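Undergrad: Have a look at this one before I ask anything.
The values are calculated or read from the model by the stated rules, or taken from the named source; none is laboratory data. Worth saying up front: this structure is predicted, and the values here are computed from it rather than measured. Every residue, glycine among them, receives a Cβ derived from its backbone with ideal geometry; neighbour counts consider all protein chains shown. Quick note on the areas: whole protein, heavy atoms, side chains included, nothing else; ligands and nucleic acids left out. Shrake-Rupley method; radii C 1.70, N 1.55, O 1.52, S 1.80 Å.
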Amino acid sequence: VSFMHSLGVVHRDIKPDNIMCKHEWTIDSEPHLQIIDFGSASFCKKNEKLRGYHGTKFFTSPEMCNRGLYDEKTDNWAVGVVMIVLLTGYPEGVQVQETWQKLLRGILPESLIETAPSEKLLELIKMWLKIDYEKRPSCAAILEASGSGLPGGGETRKKTQSARSNGTTK
């Protein structure tokens with residue numbers, strides 16, 4: 001997504017259905033993910049704003065839902081929602097609307113808070129889901145902030161919680 005944004009492309013419909021593995025993903029190989037379906041994509045020059053509603057409702061950013069102006073950071077919102085879906089599953093039935101409305105108000109699902117593999121990942125999701133897109137970091141900035149704090153690359157949340165319950169801090 002960061003590379004796409006560096007070329008001035010805004011996808012506007014990032015969702016799990018539009019993310020594919022290029023090669024078979026095995027325990028011995030790194031996944032090579034690709035974004036597909038650029039039917040809603042648009043070019044957006046630096047400091048330019050787009051307008052119009054595109055994409056899939058559950059993954060749509062607040063600025064696009066409000067039919068306001070937006071830029072490539074609308075994709076960042078969608079990446080944050082995709083991360084939630086990957087970690088908690090897609091909400092069922094009426095939960096879809098309720099979860100979406102809560103996300104638009106800045107409320108993360110309880111199931112995410114309870115089961116997120118690390119504090120760092122929760123912080124990154126919060127960065128992706130900043131309601132004010134002007135304050136939402138770029139995809140490149142979020143990548144830089146991720147460092148090695150993603151699951152598998154560092155401390156897990158359980159270790160952090162355990163340290164807190166023992167009266168120590170990290």
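Undergrad: Among what's in segment 44-53 and is within 15 Å of residue 8 (Cα to Cα) and not charged (D, E, K, R), pick the residue that is surrounded by the fewest Cβ atoms within 10 Å (Cβ to Cβ). Please lay out each step first, then the result.
TA: Filtering segment 44-53 down to residues within 15 Å of residue 8 (Cα to Cα) leaves 44-50.
Filter once more, keeping what is not charged (D, E, K, R): 44, 47, 50.
Details: 44: 18, 47: 6, 50: 18.
Looking at residues that are within 15 Å of residue 8 (Cα to Cα) and not charged (D, E, K, R), I get 47.
Undergrad: Cβ-Cβ distance below 8 Å, separation of 6 or more or different chains: which pairs start in segment 89-110 with a residue that is under 19 Å from residue 63 (Cβ atoms) and end on one that is among the aromatic types (Phe, Trp, Tyr) and in a loop (DSSP other than H, G, I, E, B)?
TA: No pair meets every condition.
Undergrad: Residues in segment 29-43 that are assigned to a loop (DSSP other than H, G, I, E, B) and either surrounded by 16 or more Cβ atoms within 10 Å (Cβ to Cβ) or at pLDDT 95 or above (or both): how many?
TA: The qualifying residues number 5.
Undergrad: Also, quick follow-up: Of the residues 134, 123, which single one is open to solvent by 40 Å² or more (accessible area, probe 1.4 Å), under 15 Å from the mean Cα position of the chain (by Cα) and not hydrophobic (A, V, I, L, M, F, W, C)?
TA: Residue meeting the stated conditions: 123.
Undergrad: Please indicate, with yes or no, whether at least one residue in segment 16-28 is open to solvent by 100 Å² or more (accessible area, probe 1.4 Å), of a type in the set (Asp, Glu), more than 21 Å from residue 83 (Cβ to Cβ) and not in a helix (DSSP H, G or I).
TA: Yes, there is a match, as at least one residue in segment 16-28 is open to solvent by 100 Å² or more (accessible area, probe 1.4 Å), of a type in the set (Asp, Glu), more than 21 Å from residue 83 (Cβ to Cβ) and not in a helix (DSSP H, G or I).
Undergrad: Which condition does residue 113 not pass, out of (1) assigned to a helix (DSSP H, G or I); (2) within 20 Å of residue 4 (Cβ to Cβ); (3) open to solvent by 40 Å² or more (accessible area, probe 1.4 Å); (4) not small (Gly, Ala, Ser), if it passes all the others?
TA: (2)
Undergrad: If you don't mind, another one. Which of the residues spanning segment 55-84 are over 24 Å from residue 95 (Cβ atoms) and assigned to a loop (DSSP other than H, G, I, E, B)?
TA: Result: 67, 68, 69, 71, 72.
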